[in-house]
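Please treat every number below as a calculation from the coordinates, not as lab data. Computed from a predicted structure; not experimentally measured. Methodologically, a virtual Cβ is constructed for each residue, glycine included, from the backbone with ideal geometry; neighbour enumeration extends over all protein chains shown.
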Amino acid sequence: MNSWRVILATVVIFGSGVLTGGLLVNYVKHAPPAPRPYPQVMTQKFVEQLDAKLHLTAEQRAKIEKIIANGQERNRDLWKLVAPEFRSVTQDVRQHIRAVLTPDQKKQFEELMKQLAPHRPPPATNAPAALPPTNAPPESATNAPPPGV
């Protein structure tokens, strides 16, 4: 009987981590646009640290700034590809959580979700009524050209 408690505790902890990660991704995606100089500030600070420690030439500094900017752009492109899958997983986790809650708990859960993601835009009018099954490929994957094309 004790092993079941350990298993249940592990599942609850894992589920909490998934939910927290999903909420964080959702919050970051829907955060209101604000002037956030973070990438540029980080680039400047990082390059300044490199310059101070490595005594870069002007040419090296310019090349490194370009390399960093290129990497940031690649990261943005990568995020655009995986963000829909993250949202899908978050929705799936929430749907499974709702399935184990009582009607009262569901209401409280929905309120909690609103509080944790206050900047979420309203759902699109052309959004599907039901979530796709968890084993279905993401919609973007079905429309994407095969690899190497």
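Annotations
- Simple spin-label estimate for ASN2 and ILE67 in nanometres, 7 Å along Cα-Cβ: 5.5
- Here the residues SER3, SER88, SER16, ranked from fewest to most Cβ neighbours within 10 Å of their Cβ, fall in the order SER3, SER16, SER88.
- Approximate spin-label separation ASP51-GLU111, in nm, with each point projected 7 Å along Cα-to-Cβ: 5.4
- Interchain or long-range residues, amide H under 5 Å from LEU101's placed H: none
- Per-residue Karplus couplings for segment 71-81, computed as 6.51 cos²θ - 1.76 cosθ + 1.60 with θ equal to phi - 60°, are listed in order as x, 5, 5, 5, 5, 4, 4, 5, 4, 4, 6 Hz, Gly and Pro entered as x.
- Evaluating 6.51 cos²θ - 1.76 cosθ + 1.60 at θ = phi - 60° for every residue in segment 51-68, the Karplus couplings come out as 4, 5, 7, 9, 6, 5, 7, 4, 5, 4, 4, 4, 5, 5, 4, 5, 4, 5 Hz, glycine and proline recorded as x.
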